[in-house]
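S.K.: Quick one: the structure is below, and I'll ask about it shortly.
The values are calculated or read from the model by the stated rules, or taken from the named source; none is laboratory data. Predicted model, so just to flag it, every value in this text is computed and none were measured. All Cβ positions, even for glycine, are placed from backbone atoms using ideal geometry, and neighbour counts span all protein chains on display. Note: accessible area is taken over every heavy atom of the protein model, side chains too, but ligands, DNA and RNA are not part of it. Shrake-Rupley method; radii C 1.70, N 1.55, O 1.52, S 1.80 Å.
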Amino acid sequence: MRERRSVTVTFPSHPVVDCLFERLGGALPVTDEAAFNVFSALTGTLTAHYAYLATLTSWAAGHGIAPDIADRYVPGLFQNVGRSLGDESRPLHRLAADHETPAGNNERIRTTWFDPANTAALEGALDGLLADLG
């Protein structure tokens, strides 16, 4: 919110509230509590992203990279990737494809780590959270 780039989901929609959040990055009013809960579940993935990045830095340190160097490199790498998310002309699957060389390093990690089992595990965790929110 501080940078006024974060969309906030609102329910129930209220003109004053939606107007406030529009000035803070955008309002996304939803029509029912079920939709609101889906978005609430998605917010539950934020710290998993940080843990993913921390795992990358720890892995690099375990392979001889000084921890302070890994802690500098990984966030810088992902800040640059994060900037591409501002390109609303391409959906996420297209952004991923545009960052891959066929049979390259990125494609290899994506296809071996995001295999059907890991994808199902993530979806299962989200489904469990959504069930608890409902």
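S.K.: Can you tell me which residue among Ala41, Ala48 is surrounded by 12 or more Cβ atoms within 10 Å (Cβ to Cβ), among the aliphatic types (A, V, I, L, M) and assigned to a helix (DSSP H, G or I)?
M.R.: Sole residue among the options that is surrounded by 12 or more Cβ atoms within 10 Å (Cβ to Cβ), among the aliphatic types (A, V, I, L, M) and assigned to a helix (DSSP H, G or I): Ala41.
S.K.: A follow-up question, please. Being open to solvent by less than 100 Å² (accessible area, probe 1.4 Å), in a loop (DSSP other than H, G, I, E, B), at pLDDT 95 or above and within 24 Å of Thr8 (Cβ to Cβ), is that true of even one residue in region 100-111?
M.R.: no
S.K.: Please find, within region 68-97, the residue that is farthest from Ile109 (Cα to Cα) out of those that are open to solvent by 80 Å² or more (accessible area, probe 1.4 Å) and modelled with pLDDT of 95 or more.
M.R.: Asp68
S.K.: Take the conditions open to solvent by 60 Å² or more (accessible area, probe 1.4 Å), touching a residue at least 12 places away in the same chain (Cβ under 8 Å) and not small (Gly, Ala, Ser) and apply them to Thr31. Does it pass?
M.R.: Yes.
S.K.: Suppose the filter is open to solvent by 90 Å² or more (accessible area, probe 1.4 Å), part of a helix (DSSP H, G or I) and under 23 Å from Val9 (Cβ atoms); does Asp127 pass it?
M.R.: Taking the combined requirement at face value, the residue satisfies it.
Rundown of residues vs (1) of a type in the set (Lys, Arg); (2) at positive phi; (3) out of contact with any His (no Cβ under 7 Å at 6 or more places or on another chain); (4) in contact (Cβ under 8 Å) with a residue 12 or more places away in the chain, yes/no style:
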site: Ala97; (1), (2), (3), (4): no, no, yes, no
site: Ala103; (1), (2), (3), (4): no, yes, yes, no
site: Phe114; (1), (2), (3), (4): no, no, yes, no
site: Ala117; (1), (2), (3), (4): no, no, yes, no
site: Ala121; (1), (2), (3), (4): no, no, yes, no
site: Gly124; (1), (2), (3), (4): no, no, yes, no
site: Asp127; (1), (2), (3), (4): no, no, yes, no
site: Leu130; (1), (2), (3), (4): no, no, yes, yes
site: Gly134; (1), (2), (3), (4): no, no, yes, yes
